[in-house]
Every structure is written in C-alpha cells, then in structure tokens.
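Input: a single structure, listed below in structure tokens.
The values are calculated or read from the model by the stated rules, or taken from the named source; none is laboratory data. Quick caveat, the model's predicted, so the values are computed rather than measured. Note that each Cβ is placed from the backbone with ideal geometry, even for glycine, and that neighbours are counted across all protein chains shown. These area figures cover heavy atoms from the full protein model, side chains too; ligands, DNA and RNA do not enter into them. Shrake-Rupley method; radii C 1.70, N 1.55, O 1.52, S 1.80 Å.
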There are 2 protein chains.
Amino acid sequence: MKTQHTRIHEVLTHGQPGQEITVKGWVRSRRGNKQVQFIALNDGSCLATIQVVVDLQTIEADALRAVTTGACIRATGLLVASPAKGQSVEIQARELEIYGSADPEAYPLQKKGHSLEFLREIAHLRPRTNTFGAVLRVRNAMAFAIHRFFQQRGFVYLHTPIITGSDCEGAGEMFRVTTLDAKEPPTNEQGAVDYEQDFFGRETALTVSGQLEGELGALALGLVYTFGPTFRAENSNTARHLAEFWMIEPEMAFYELTDTMDLAEDFLKFLVQTALDECSADLEFLSSHYDKDLFERLRSTIGSAFERLSYGEALDILEKSTKKFEFPISWGGDLQAEHERYLVEECFKRPV
Amino acid sequence: MKTQHTRIHEVLTHGQPGQEITVKGWVRSRRGNKQVQFIALNDGSCLATIQVVVDLQTIEADALRAVTTGACIRATGLLVASPAKGQSVEIQARELEIYGSADPEAYPLQKKGHSLEFLREIAHLRPRTNTFGAVLRVRNAMAFAIHRFFQQRGFVYLHTPIITGSDCEGAGEMFRVTTLDAKEPPTNEQGAVDYEQDFFGRETALTVSGQLEGELGALALGLVYTFGPTFRAENSNTARHLAEFWMIEPEMAFYELTDTMDLAEDFLKFLVQTALDECSADLEFLSSHYDKDLFERLRSTIGSAFERLSYGEALDILEKSTKKFEFPISWGGDLQAEHERYLVEECFKRPV
C-alpha cells in the first residue's frame, strides 16, 4: 500500500479545480457555523494553509469534534476555485479521517501568536509555528544553495573532524570530549588527569574551526569547502555567541586576494538571490512580523557592488569620523564590531 | 590582481590545442633526458595529471632542480595535442614558477605506492595521493547527490543538535561533553558530580542519532532529512565501528511502508548512478587498486529491483538454509549481520 496524498504546496501552486484530491496535515484552526465549517490545514510544505470546507450535510458534526487546532487529519474531496481572497483553491471535503487528536485544553499552540521565549519551552512543537516553519524552510534553501554555489565552481566538500586535539590557533573556548570517569578520572604519576586512558589516548575537544584541515585539503585538491557544526564554549549570552552552530569555510589554493573577494561577494549575492527567488512567502512572513526592512536590505545587497578598501583606508575613515567609538582606533589593531558597523551602515551603506 | 589559471580537469576535458594556458599544481613526478623533461602535474581537480613538456633549450636545466615530487609550481605554455597514449593534450612549457619546493630526502610521498597504514601517519599529506583524492572526490559527489535527491522531493534539511542530553533510545555509547574541571569536578550535596555547574546546567553528550529531532521535524514539516556528524564511543576496533561519522536520516510523515521502501531503493540507486556518471575515473582507480568487482556490484545494484520480503519470510529462508550460523535464528529475535549477509549475498544476490 502506498500513500495517496498531495502536498499542500503542490496543491496550491499546481492544483487544477475539478480534481479529486487528498491532503494530510495538522489543523491550524477551525471556524464556521451550523451549516458549514472551514478547516485551515498546514503540512509544512509551505507557509500557507489550504482551506478545507466541510458541509455539515455531507459530514456529520460529530466527526468534526476532534478536528481542533493541532489535530492531525486527512481530508479528501473536490478541489474547487475558492471564493475567499488570498487563496486560489480550496477543498470541498467528502471524507475526513483523524490520525491524531490534540486536546484543546492541553495543546499549547493556539491561533494567537506566542513569544519566542515561550516557544523555546516547547521546542518539540515549535517547528509547527509559522515562524519556525519559515526559518527552517529558509535555512534549508540556504544550505542547499551553499552546496550548489561551491559545487558549480568545482569545490570539494570536506567533512573535517568534529572531535579534535587542535585548538585552531585559539579561535575560541573549547568543550572537552571524554569517556573518562566524570568524578574520579585516572591520574598519572605527576598527579594530572591521565588522558592516555581516555578514548583517543589524549585530551580531545569539539572543533572550533575546520580551517586547518580545510587548508590541507586545499593544498591537495585546490578548491575545498567545509560546512558543518562548530562549537564555542564561551559562557556568553549575547546574540553574537552560539555554543553550537554550522559554519562554512572555503579554502582556495592559488587564489589572489581579488579572487577571494570576488568569491565572497558572489557567494553572498547568490544566497540572497536564491532566498528571494525560492523563499518569498516565508520571507514576507518574517519581514511583516520581525523585520520591516528585510526586503529592502536584501535587494540592496544584490543591487550594488560591495565596497572594497584597504585596511589603511578604513583606518583613515574611522580616524576622520566624528563618531564616538567605545574602543580607540589605532593602526595595527583589529577593527571592533562597532568600527565595522560604522563603515557598513553609516559610511558606505552597503557590504564592505 | 586575479589569478589566471585553468584547472587541470577543465584543460583535459575542454582544452583546445593551440591555446596559451597556465596550470598550477603539485608535481607528481619528473623524468626525461638532457634534451627534454616531462613533468606530471596534478591539482586535485581530477585523478589525472597533465603532462608538462620542458624543452631544455627553452628553459634552463637549473630552473628544474627544485621541480621534484611534491613541489608546487605554475606552468605556462602552449597546449598541444599529445603524442603520448592515455592523454589527449599536453603543455609545451614556456615558463615555470616554483611556489614551494619539496626536499626529495624529506618529502614522504614518492611515486611508489604507500600502505594505508603509512598514509595514516602522514594524514596532512594523504589527500595528495591518488587513493585519498579519489575517495574525497567520490565522497563529495555523493554528499551533493544526497542533498539533490532529497531536495528534488521537497524534503527539508534539518541540522539536529550535536550536543544533546538525549541518548536516543540507547543507540550507542556516548562521549561526554563538558567544561567542568577535568580533575576535580564540583560535587553536589549527594557527593555526585554537580552537572548544574556544567555549561548547559546538566549532563550532555555527543549525539548518537538525530532521529528524535528529525521525527519532531517531520511532524511539522512533513518530509525532513538529517545529514550530519554522529558519534559512538564504543571501544571497538572493527570495520563496523567509527567514533565519528556522517549519517543520513530521512523522516517522513504519512508514509506507508511501501513508500519508505521505495524511497530507500530510489535513494541508493540514485547515488550509485551518480557515482557511475560523475566519478568514473576515480572509481576505475579504486576498482583496479582495491576492489576488482566494484563496477559489477554497482551496476547490478541499479540493474534490478531490490528484493522485498517480510520478516517471517526471511526467518523461513534462514531456518531452511543448510548454512551454519554462529547466532541461532528464532522468531522474534533481531537478524544478525551474518543472517543479513546470507540473504543478500547468497540467497538473493542483490539488495534485500
């Protein structure tokens, strides 16, 4: 036996009125009156729901009792042009089947918006929200676009080690990885922890960067990239720190600086263009709920050449600026985030 | 300034004799006489080397002294049809530049074959060998094909957590991840290690499976897959155990068993077909050096429908077989590797 259903994204983009159709998903809401009920059904294939129209002369009201927000159902019926605005088609239900109910008293996701803090407490359910659905679909599109970009250019995807003995030039604080007894680890003659008895016979940690192995790959394969999880154990609760995140590191043999800058600019523009092309509905949702300027910023990123300037030129601009910086500027020192932001956001108003 | 060079794979597949061309790479070998020298140059873009022909009337012999195995060089010259067999074109060098030399006394990779055990001791150089170059290119092609397969079918790629507090139904032994003091961890009132003081406020480990989060994703997005690193801390030195490996886990809502079997069969066939289409030179190398039956096995995998049978049917076959198994067969027990191998390799002679 094979499943016979069509994903809602497919129905909404290619469905022809007049077809008999089956959809399966999770109920977002149900409303209506004693003659007709409207179910908004989502299956995660897109942000939108499909409207399932239930005529209470066709289906008994009893059968709808468990069709509450969060319930998992099948709906089969005729696809028809929808008179409602914002949707081209809807389904006139002939048959409903309930795969799983969701107790309205207990199910925590309701039609009203929830705070991100609350959703964090119900992480097992948050992929069902518009926000996390959109984020996960956009992230998926970006991950695949990252691979397409590098593969088109002949880069080899490397899986660099996650468990490592290298601190990669001290890029960050590291998580220790061990199978030694947690409370009373074995010690050696010097009284130190005896890592020779640990799993790999030495002290190991989670990688802070695949760069070193990436460089070795590039010195054999020419063009390589990594795209995998990376870890930082700084005890810092800022938006700039994550304990675990996925990082992309291309390494190119024989590239001049201009080649590297071109690659970075092409890469970012390709990703932004892909997001605009493939994720418009999700981006519109995110823009309207979280970031009104999102589209303007994305379009300006692909619409202009990135600014390129030398370190010396950047220092000149920063020294001549009347802006008050928390950290002083001095030749030879690293630029701080506030300096980079000034150059990008105030001085050039585009990527630098 | 931008680099002006063509990758060797591009030269060998699309290069037109009569072009002036620049290649950059690592010397595999140099041989010849007092009139002419032949450099085999590889840049990792493919298994093959390109032959750079050096006329000692054009380039002084002195300039060639550092052109030894492992040296990194640029060669510029005219691309011409090659009289040698096994290559369509070669380069008549007009200019050589040495980016980095490799002391012939010290450089450990020489033209002769090396054992895998030896290469493991020089892991920083082994991507330059034919074997590891081939493996890394095939792995790259397979990784991208995995993404293409799922993306074409509307699956969402999920990055499930690497650091976790879940043991995923005891799928394997786990590595502990911690920032507590290694020698004298803090203890609580009960005298146990006080994980409330650890980075995440509880005991954490490296994931043995993304399955649980994948299932939550599927119950919101419908079709998802994971493809990321996974860890097993069993102290086992067999070919069936890796401490760190990349695992693929699709999770599908609303799939019937037949759908799942179809997906698995289509997936494997797609990967094998892609390998045959895109990696033929690398597979030929691996076949001739490591596995004479490789192509036959790959072609038979895509050439026939996979066998499908119920657990009960499998048990029947195993019980009726005259084969002596190490582990007894009994209804309700798991099949062991030897049972699965018998069904695949001896009984059906194809994937089951």
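When +1 charges are put on Lys and Arg Cβ atoms and -1 charges on Asp and Glu Cβ atoms, the dipole computed for the protein assembly as shown relative to its Cα centre reaches about 2200 debye.
Which trypsin sites (Lys or Arg not before Pro) from the range B:264-298 combine a DSSP loop assignment with at most 11 other Cβ atoms within 10 Å?
B:K292
Principal-axis analysis of the Cα atoms of chain A puts helix A:257-278 at an angle of about 10° to the longest axis. Excluding ligands, DNA and RNA and using a 1.4 Å probe, chains A and B jointly bury around 6500 Å² of accessible surface, summed across both partners.
Summing charges over neighbours of B:S300, with a neighbour being any other residue whose Cβ is under 15 Å away from its Cβ, gives -1 when K and R count +1 and D and E count -1.
When the Kirkwood radius is taken over all Cα pairs of the protein assembly as shown, what Stokes-Einstein diffusion coefficient follows at 20 °C and 1.002 mPa s, in µm²/s? Before the final figure, lay out each step's value.
Numbers: Rh = 30.0 Å.
The Stokes-Einstein estimate is 72 µm²/s.
The lysines whose alpha-carbon is closer than 28 Å to the alpha-carbon of A:K112, local same-chain residues fewer than 8 away aside, are A:K24, A:K34, A:K85, A:K292. Rounded, prolate or oblate for the range B:212-276? Axes are the square roots of the Cα gyration tensor eigenvalues, ordered a ≥ b ≥ c, and the cut-off for rounded is a/c under 1.5. Judged from the Cα gyration tensor, the range B:212-276 comes out oblate (a/c at least 1.5, b/c at or above a/b). Quick one: go through the range A:266-302 and flag any residue whose amide nitrogen is under 13 Å from the point 7 Å out along the Cα-to-Cβ line of A:R153. Hits in the range A:266-302 for A:R153 at 13 Å: A:266-271. Taking a point 7 Å out from the Cα of B:Y290 in the direction of its Cβ, the residues of the range B:29-62 whose backbone N falls within less than 17 Å of it are B:46-48. Remark: label point of A:L242 defined 7 Å out from Cα along the Cα-Cβ vector; separations to the same position in other copies 2.4 nm, ascending. Against the main long axis of the alpha-carbon atoms of chain B, helix B:211-221 sits at an angle near 90°. Here A:K324 is the anchor, and the aspartates and glutamates within straight C-alpha reach of less than 14 Å, apart from those fewer than 8 places off in the same chain, are A:E338, A:E340, A:E346. Computed with every protein chain present, the accessible area of A:H5 is close to 50 Å² [probe 1.4 Å]. DSSP assigns beta bridges within the range B:8-100; of those with both partners inside it, close to 90 percent run antiparallel. Farthest towards the positive end of the charge dipole of the protein assembly as shown, among the residues B:G201, A:S101, A:N140, is the Cα of A:N140, using unit charges on the Cβ of Lys, Arg, Asp and Glu.
Working from the pairwise distances between different alpha carbons, so that the mean of 1/r is found and then inverted, what is the range B:158-303's Kirkwood radius in Å?
Details: mean 1/r = 0.0533 Å⁻¹.
18.8 Å is the Kirkwood radius here.
Contact residues in the range A:168-199 (at least 50 Å² less accessible area with all protein chains than alone, 1.4 Å probe): A:F175, A:R176, A:T178, A:A182, A:K183, A:F199.
Note down the nm distance, to one decimal, between modelled labels 7 Å out along Cα→Cβ at B:A337 and at B:Q19. Once both label points are built, they end up 4.8 nm from each other.
Beta bridges per DSSP, both residues in chain B: antiparallel share near 90 percent.
If I take every Cα pair under 8 Å that is 6 or more residues apart in chain B, average their sequence separation and divide by the length, what percent do I get for the relative contact order?
Taking the mean separation of contacting Cα pairs over the length of chain B, I get 11 percent.
Global size of the range B:229-352: 17.2, 46 Å for Rg and Dmax (C-alpha atoms, Rg to one decimal, Dmax whole). Placing +1 on each Lys and Arg Cβ and -1 on each Asp and Glu Cβ, with no other charges, gives chain A a dipole about its Cα centre of roughly 2160 debye.
Whenever you get a sec, line up B:S304, B:S310 from highest to lowest accessible area (probe 1.4 Å, protein heavy atoms). Don't skip to the answer; put the middle values down first.
Values: B:S304 35, B:S310 55 Å².
Most to least solvent-accessible, the answer reads B:S310, B:S304.
A 1.4 Å probe run over the protein assembly as shown, with the rest of the protein chains in place, finds 53 Å² accessible per residue.
Counting alpha carbon pairs within less than 8 Å and at least 6 residues apart, what relative contact order, in whole percent, applies to the range A:8-100? Present the calculation step by step, with values, prior to reporting the outcome.
Numbers: 208 pairs, mean separation 30.3, N = 93.
Here the relative contact order equals 33 percent.
Listed by chain and number, the lysines whose C-alpha is less than 19 Å from the C-alpha of A:K269, apart from same-chain residues fewer than 8 away, are A:K349. For chain B, the longest principal axis of the Cα atoms and the long axis of helix B:294-303 meet at an angle of about 50 degrees.
Surface composition of chain B: carbon plus sulfur atoms hold 50% of the accessible area, using a 1.4 angstrom probe and ignoring ligands, DNA and RNA. Taking only the C-alpha atoms of the range B:8-100, the Rg (one decimal) and the largest Cα-Cα distance, Dmax (whole number), read 11.9, 33 Å.
Interface burial in the range B:236-281 reaches 20 Å² or more for B:A243, B:E244, B:W246, B:F254, B:E256, B:T258, B:D259, B:D262, comparing the full protein assembly with the chain by itself; accessible area from heavy atoms with a 1.4 Å probe. Residue order by solvent-accessible surface for B:E173, B:E244 is B:E173, B:E244, largest first, with ligands and nucleic acids left out and a 1.4 Å probe.
Normalised radius of gyration for chain B, please: alpha carbon Rg relative to 2.2 N^0.38 Å, two decimal places.
Numbers: Rg = 26.9 Å, N = 352, 2.2 N^0.38 = 20.4 Å.
Against the empirical 2.2 N^0.38 Å value, I get 1.32 for chain B.
With a cut-off of 19 Å, note down the residues of the range A:1-20 whose backbone N falls inside the zone around a label point 7 Å from the Cα of B:R308 toward its beta carbon. Hits in the range A:1-20 for B:R308 at 19 Å: A:1-6. On the principal axes of its alpha-carbon atoms, the range B:116-192 has extents of 57, 43, 20 Å, going from largest to smallest. Label-point spacing for B:Q57 across the identical copies (point 7 Å from Cα in the Cβ direction), in nm and ascending order: 10.1.
Would you be so kind as to identify which of A:T160, A:L216, B:T68 lies farthest towards the positive end of the dipole of the protein assembly as shown, taking Lys and Arg as +1 and Asp and Glu as -1 on Cβ and the Cα centre as origin? Highest projection toward the positive end goes to B:T68. When B:Y342, A:Y225, B:Y311 are compared by accessible surface with a 1.4 Å probe, the order from highest to lowest is B:Y311, B:Y342, A:Y225. With the simple spin-label model, which puts each label point 7 Å out from Cα in the Cβ direction, the A:E196 to A:D266 separation comes to 5.2 nm.
For the range B:8-100, a crude dipole built from +1 on the beta carbon of Lys and Arg and -1 on the beta carbon of Asp and Glu, taken about the Cα centre, is about 320 debye to the nearest 20. Across the copies of the chain, A:T187 has label points (7 Å from Cα along Cα→Cβ) spaced 1.4 nm apart, shortest distance listed first. Of the residues B:E90, B:E340, B:E313, which exhibits the maximal mean-square fluctuation in a Gaussian network model of chain B defined by a 10 Å Cα contact cut-off? Its mean-square fluctuation being the largest, the pick is B:E313. Solvent exposure of A:W26, expressed as accessible area, is near 20 Å², computed with a probe of 1.4 Å over the protein chains only.
Of all the options A:I73, A:I163, A:I329, the one that moves most in a Gaussian network model of chain A with Cα springs shorter than 10 angstrom is A:I329. Taking all protein chains as they are arranged and a probe of 1.4 Å, the heavy atoms of A:Y290 leave approximately 120 Å² accessible to solvent. Measuring r between the beta carbons of B:E189 and A:E234 and using R0 = 35 Å, the FRET efficiency lands at 0.75.
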